[in-house]
1. Which condition breaks for T574 when tested against (1) outside any helix (DSSP H, G or I); (2) touching a residue at least 60 places away in the same chain (Cβ under 8 Å)?
2. Taking S520, is it within 27 Å of the chain's Cα centre (by Cα) and open to solvent by 30 Å² or more (accessible area, probe 1.4 Å)?
3. With respect to L280, is the statement that it is free of Cβ contacts under 8 Å to residues at least 40 places away in the same chain and either closer than 30 Å to A150 by Cα or not in a helix (DSSP H, G or I) (or both) true?
4. Quick one: in segment 380-416, of everything that is open to solvent by less than 30 Å² (accessible area, probe 1.4 Å) and of a type in the set (D, E, K, R), which residue is modelled with the highest pLDDT?
5. When you look at C140, is it touching a helix residue (DSSP H, G or I) at 6+ places or on another chain (Cβ under 7 Å) and surrounded by fewer than 24 Cβ atoms within 10 Å (Cβ to Cβ), yes or no?
6. Just one of the numbered conditions (1) open to solvent by 50 Å² or more (accessible area, probe 1.4 Å); (2) modelled with pLDDT under 85; (3) in a helix (DSSP H, G or I) is not true of A256; which one?
7. Scan segment 532-554 and report the pairs whose first residue is over 15 Å from S509 (Cβ atoms) and assigned to a helix (DSSP H, G or I) and whose second residue is among the aromatic types (F, W, Y) and open to solvent by 30 Å² or more (accessible area, probe 1.4 Å), with Cβ atoms within less than 7 Å and a gap of 6+ or a chain change.
8. Is at least one residue of segment 315-333 under 15 Å from P143 (Cα atoms) and either touching a helix residue (DSSP H, G or I) at 6+ places or on another chain (Cβ under 8 Å) or assigned to a helix (DSSP H, G or I) (or both)?
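The values are calculated or read from the model by the stated rules, or taken from the named source; none is laboratory data. Since this is a predicted model, take the numbers as computed values, not measurements. Using ideal geometry, Cβ is built from the backbone for each residue, glycine included, and neighbour counts are taken over all protein chains shown. Each accessible area value is taken on the protein alone, full model and side chains, heavy atoms only, with ligands, DNA and RNA left out. Shrake-Rupley method; radii C 1.70, N 1.55, O 1.52, S 1.80 Å.
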Amino acid sequence: MNSLEKHFFFSDFFLRSWRPYIWLTLIASLPYLQILTFPEYTYYDDHFLIVDNFSHIDKWSNAGHAFLEDVSHQGQGGNLYRPLLTISFILSAKISGTTPFGYHLIDIILHCVSCCLLFIALQMLDYKRSLSFFGTLVFCVHPALAQAVAWIAGRNDSLLAIFILLSFITYIKYCSTSLMMWYFLHLLCFVCAMFIKESAIMLPLLILFYSFHLKNEKIFSLKTVLLIVGWGIILFNWHILRSASMVIPIGNKLQATTTVISNLWISIYYFGKIFWPFHLAFAPISTDIHITAGIISGCLLLFALLLSKRRDWKYIIFGLMWFFAFLIPTFYYNSGVHTPPKFYEHRIYLSFIGILFVLLSFSYTKRLGYLKRYFPLILFLLYISLGWLSYAHTFNFKNSLTLGEYDASTSPNDPRRYSDITRMNIPKKLYQEIEAKQGRSQPQESNCNLVSKEELWEIIDELKNQLRSNHNDPGLYHALAVACFARGLFLSSEKYFLMASQENPQDASIQYNLGILYYSAQPKMKAEKVWQQALRLDPTMGKVHLNLSYLYYESGQYQSAWVHCQKAMQLGITVPSSLLNEIRGKIS
């Protein structure tokens, strides 16, 4: 029994027989159980993949079609070939239809399965059972992985991890037993991984490195030849199916390679999130990515490596290769797209395992022997802290407002997170701040871009300062709400709108602007409610009728849409002819 086990008098209770899997499942699920109560989608891909395309996932008979189209079911021109992701949505749809519960439930189950498979894989790599268990516990509760669980559209990475680990485990079983059953199971798991995400193509390279350098297999052994032939057949058929689905192929290979290489530095950012899981970000663009934590983490890891009494270099190198192999393919993006690429945090899910391989290859038994008695407390505090951070982090994915605010605040330079301020009725106090900032007068009828990003930040800070001395002014709340909307801080915007409405419940303009916020952030039922309230306060607001006509048209209530179009025109509002023609065509 090693030192860690000796100091855990209940180690037998945790580590004997099947018990670790029960504990891992329990601990992996605890930080995420509250997402089962989230009643809304975030409208960051999830609503589109599930509700908008529900006819593609409502029946098991749709499973076959998933292999002949991209995940968005566009027919042609898509760029994400994810058949098994679509099939997993079919499973969720059978549980809860279009409500989020079933999708969140499957996400939690996938995470628990990933954790159990990781525990098996670590032991098969000859890590001690206790080390494998405690290493896997970190994976269970680490907040950098929470996005893959709490955000429905991030499911593909936890699903990929399952089949990559299964493929790796069955490969090791095949090597140790030479039974063809394990060979075919390995290939089956690998083909499933390829049908989840293209990053799985890196697995054969990792397996070849593991086979030659860690297990000293012969390069031209029968096992190696069989594996290469099997992989080749799978990749050939995968390519045919992917091409048949009319997914956009990678264009200029040299340009794609250059794009990936130019983004390699972002690996440092992801690396830092493993060791410093604070200030997490949903999907920052490159200008909002900071690598200070990654550099410091790398230096600390190097120091730990030097301090370690035992260094298993083969496994350390293998772990680093695993980390980069599954991360690097995500750095590719279509350079023809004019908006800057976003680097989603859940992409670290599978790569994280490689860093665990590295950390578990160190040994400090003698150098840190004086800390033995404190190991239980240290580990307990570590797991509790990580679990609490993960629990708190999941609330960023509660709905479109919370995720919109989280995305905007963690990637402030992303142009997609700034909303057109002229869509709202601009409050007088906000105009005054804009005029003071720009040193010029702006007529309220202006349709130009009123304020720059930098000026907007300064205006928000100035309005907040004014609120400290005049916290009952509805005009200040209204101005701050509109400014936060323009900045993309939807949750803060809603808060200030509600405060403004509470202080001045008779102001129809506040209700109108709040409706614009809800319509933009996708809680359209709320938008309808507040716009109806705006009309009760001021029946002459023609723009409200126009917006309601769009809302009802989009929801299929064509007769109501036509009525509001007519009322908008009676009040002097110009209704686009395209909208009128569309509604006429639907009701005729």
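1. With respect to (1) outside any helix (DSSP H, G or I); (2) touching a residue at least 60 places away in the same chain (Cβ under 8 Å), T574 is out only on (2).
2. Values: within 27 Å of the chain's Cα centre (by Cα): yes; open to solvent by 30 Å² or more (accessible area, probe 1.4 Å): yes.
Criteria met by S520.
3. On the way: free of Cβ contacts under 8 Å to residues at least 40 places away in the same chain: no; either closer than 30 Å to A150 by Cα or not in a helix (DSSP H, G or I) (or both): yes.
Answer is no for this residue.
4. The residue in question is D407.
5. On the way: touching a helix residue (DSSP H, G or I) at 6+ places or on another chain (Cβ under 7 Å): yes; surrounded by fewer than 24 Cβ atoms within 10 Å (Cβ to Cβ): no.
When the stated conditions are applied, C140 does not pass them.
6. (1)
7. Note: pairs meeting the criteria are L551/Y519.
8. At the first step, the residues of segment 315-333 found to be under 15 Å from P143 (Cα atoms) are none.
The answer is no, given that none of the residues of segment 315-333 is under 15 Å from P143 (Cα atoms) and either touching a helix residue (DSSP H, G or I) at 6+ places or on another chain (Cβ under 8 Å) or assigned to a helix (DSSP H, G or I) (or both).
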